[in-house]
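Below is one structure, written out as structure tokens, with a few remarks after it.
The values are calculated or read from the model by the stated rules, or taken from the named source; none is laboratory data. All of these numbers come straight from a predicted model, not from anything done at the bench. Heads up, the Cβs are rebuilt from the backbone with ideal geometry, glycines too, and the neighbour counts pull from every protein chain shown. Side chains included, ligands, DNA and RNA excluded: accessible areas come from the protein's heavy atoms. Shrake-Rupley method; radii C 1.70, N 1.55, O 1.52, S 1.80 Å.
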Amino acid sequence: MPLLATTPVEKMTGPYARRWWALLVLCLSLLIVVMANTSLIVAAPAMTADLGLSSSDLQWVIDGYTVPYAALMLVLGSIGDKYSRRGALITGLVIFAGGSVMGSLVEETGLVVAARAVMGVGAAVVMPATLSLLVAVFPKGERARAITAWTATSGLAIAVGPLVAGWLLEDHSWGSTFLVNVPIAVAAVVGALLLVPPSKAAGMGRIDYVGGLLSIVSVGSLVYATIEGPHFGWGAGPVAAAVVAGVGLVAFVWWELRHPHPMLDVRRFLLRPFSGSMLAVLFFFFGTYGAIYYATQFLQFVLGYGALETGVRLLPLAGAVFVGAAVTGKLTPRLGVKAMVGSGMVIGTVGVFLLVLIEKDSAYADFLAPMLLLGLAIGLSVSPATDTIMGSFPESELGVGGGANDTALELGGSLGIAVLGSLLGTAYRDELAGLAGDRLPAAALDTAQDSVGGGLAVAERLATNPAAGPRQAEALADAVNQSFAHGVATTSLVGGIIMAAGTLIVLAVLPGRRARQRPGEKPAGARETE
């Protein structure tokens, strides 16, 4: 085998010899894409202080990455299938690195949002390419193990992102959390050229660009409305986006049902393993991303942990992901997908419900069990669900399959952070108004109600005000902490109920191991050969 991998996967007579090294490159690429969001969790306070971000500004810094990331994955996955999956991976990494360099250099809010948008476009190319290359490179007998490693990398990134960002923020500005992506992206590009074989779909035909455009409009509008509406109210913008999303989705389904070579064959949703796994990914990341989002805020603001300390305290979650991945790799072949996905969702639901017990005097130990359960749930359920989704697509549509899986993941995570974050904010504001509303001027109360960070900042200012003094400042800080703990508990109750309902729906949709298709029936989209 020459140093530079040049033999297309489709022309190999046996499994690709360097497939496990190729998997390392794919996991490295995945790592920085997920880290781009998780590292922002601990970098957000420094960015807010340095750039003077309002809550709306900070939300757009997050959304600037999320909207293009979610909206473009299906289309860019299809383009990768058509022309070159390895080329798509390298192109995406280069775009992602360029956006990271830009983000590390700019000092204006609008330019930071633009840099995050560029990174989101790069991530939308990288994510489906990693899954499509994985499935193309690995034979069926090894694919589940490879997808398990891919899933474990996502869990690792949840903890590594805050840890690395926290370490950098000890001695550097927030811009360093962008710049750290660049050497990793360069290493992944070099690794892709040396270790990942070329791959593209054979006889794919023309790309359904109309369907692709409709998917971009519908998914992008849905993500925008989902994020903006709950956080900032259902004004003209979010309502219009929701209407566009609905109309676009109907148009997309209508077009795909009539197109001879659709971007995504929507009839595939009639397959219970596929639709059940898609729902599992969406519901699961709704609950887990939302819970991790506000649990991390509690660690930073209420318990007072620094960025690095917060990152260290998320490591048990990553460890639990690896344990769950090891367990699911051994048990899924014996018990089946439904048992493992259902078990993972039940465990994740319990983890979210445990956060209902959080109070203002809660310590890190009170978060340890929920974090371990959420990590274990990720390891148990995401890998078999992803394997099922990818197994529902023929070789010519692996990029689309990866895009569908990742869109469900990103949409679920966006919904979780937006909806549960909005509930958290509402519960926090209402509780704080009841505890401290009669003791603060209207302007100070508005600032304190904006976020837990804003509330603690008002308390710090009161401490230096001779007219108020430390006693009033301490009382406000106590009220802020109590209000945020109340918000966490209330939000976790709602999130747990939604997760429980989602678990029941997924268990009802996913077929059991004994479910059999009728004689002579072939599932739509199933591979002709393995």
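Please list the equivalent ellipsoid semi-axes of segment 136-261, computed as the square roots of five times the alpha-carbon gyration tensor eigenvalues, in descending order and whole angstrom.
Numbers: eigenvalues 228, 169, 40 Å².
Its equivalent ellipsoid spans semi-axes of 34, 29, 14 Å.
The magnitude of the dipole of segment 68-186, with charges of +1 and -1 set on the Cβ of Lys/Arg and Asp/Glu and taken from the Cα centre, is near 700 debye.
In whole percent, what relative contact order does segment 102-243 give with Cα contacts below 8 Å and a gap of six or more residues? Please list the in-between numbers first.
Details: 49 pairs, mean separation 26.5, N = 142.
Value for segment 102-243: 19 percent.
Quote the convex hull volume per residue of segment 334-401, based on C-alpha atoms, as a whole number of Å³.
Working: hull volume 6.7 nm³, N = 68.
Once divided by residue count, the hull of segment 334-401 is 99 Å³.
Could you give the dipole magnitude of the chain about its Cα centre, charging the beta-carbon of Lys and Arg +1 and that of Asp and Glu -1, in debye to the nearest 20? List each step's numbers first, then the result.
Details: 31 positive and 34 negative charges, 513 e Å.
Value, rounded to 20: 2460 debye.
Globularity index of segment 366-434 is 1.59 (Cα radius of gyration / 2.2 N^0.38 Å, N = number of residues).
Between rounded, prolate and oblate, where does segment 317-448 land on the alpha carbon gyration tensor, with a ≥ b ≥ c its root eigenvalues, rounded for a/c under 1.5, else prolate if a/b exceeds b/c? Could the numbers behind the result be given before it?
Numbers: a/c = 3.98, a/b = 1.93, b/c = 2.06.
Oblate shape, in that a/c is at least 1.5 and b/c is the bigger or equal ratio.
Kindly state, to the nearest 0.05, the FRET efficiency for Asp57 paired with Arg258, given R0 = 30 Å and r defined as their beta-carbon distance. Intermediate values should be presented prior to the final figure.
On the way: r = 43 Å, r/R0 = 1.43.
Calculated value: 0.10.
Comparing Met102, Ser84, Asn181 along the charge dipole axis of segment 60-207, the residue lying farthest to the positive side is Ser84, per the Cβ-charge model.
Projecting label points 7 angstrom from Cα along Cα→Cβ for Glu107 and Leu270 puts them 6.1 nm apart.
Counting Lys and Arg as +1 and Asp and Glu as -1, what is the net charge of the other residues whose Cβ lies under 12 Å from the Cβ of Leu23? Walk me through the intermediate numbers first.
Working: positive: Arg18, Arg19, Arg143, Arg145; negative: Glu142.
Here the count lands on +3.
Solvent-accessible surface of segment 321-480, taken per residue with a 1.4 Å probe and all protein chains present: 38 Å².
Once the piece of chain linking Asp171 and Val250 is laid out straight, how much longer is it, given 0.36 nm per residue of separation minus the C-alpha distance between them? It would help to have the intermediate numbers written out before the result.
Numbers: separation 79, 0.36 × 79 = 28.44 nm, distance 5.09 nm.
Here the segment from Asp171 to Val250 would lengthen by 23.3 nm.
Probing with 1.4 Å while keeping every protein chain in the model, the per residue accessible area of segment 26-157 equals 28 Å². Computed extension gain for Asn465 through Leu303, at 0.36 nm per residue and net of the alpha carbon distance, reaches 55.9 nm.
At 0.36 nm per residue, minus the direct Cα-Cα distance, what do Lys140 and Leu335 gain on full extension? Give it in nm, one decimal, please. The partial results should precede the final answer.
Details: separation 195, 0.36 × 195 = 70.20 nm, distance 1.81 nm.
Using 0.36 nm per residue and subtracting the Cα-Cα distance, I get 68.4 nm.
Based on Cα contacts under 8 Å between residues 6+ apart, the chain shows a relative contact order of 21 percent.
Kirkwood Rh over Cα pairs of segment 248-296 into Stokes-Einstein at 10 °C, 1.306 mPa s: D in µm²/s?
Numbers: Rh = 12.9 Å.
Translational D for this selection: 123 µm²/s.
The accessible surface of the chain, taken with every protein chain in place and a 1.4 Å probe, is 66 percent carbon and sulfur. Accessible-area rank, largest first, for Lys140, Lys200, Lys338: Lys140, Lys200, Lys338, with all protein chains present and a 1.4 angstrom probe.
Of the options (1) 22, 50, 25, 3, 0; (2) 20, 53, 24, 3, 0; (3) 23, 57, 19, 2, 0, only one is P(r) over Cα pairs in 20 Å bins from 0, in percent as computed from these coordinates, and that is (3). Spin-label model, Tyr209 to Asp478: label points 7 Å out along the Cα-to-beta-carbon direction sit 6.6 nm apart.
When Rg and Dmax are taken over the Cα atoms of segment 388-517, they come to 22.9, 77 Å.
Let me make sure I get this right: for segment 32-158, a, b and c are the square roots of the gyration tensor eigenvalues over alpha carbons, sorted descending. Under 1.5 in a/c it's rounded, otherwise prolate if a/b > b/c, else oblate. Which is it? All intermediate terms of the calculation are to be shown ahead of the outcome.
Details: a/c = 2.85, a/b = 1.87, b/c = 1.52.
Prolate, since a/c reaches 1.5 and a/b exceeds b/c.
Expressed as a fraction of 2.2 N^0.38 Å, the C-alpha radius of gyration for segment 251-357 is 1.46.
Just order 440-450, 302-312 by mean Cβ neighbour count inside 10 Å, highest at the front, would you?
On the way: 440-450: 16.8, 302-312: 18.7.
Put in order of decreasing packing, that is 302-312, 440-450.
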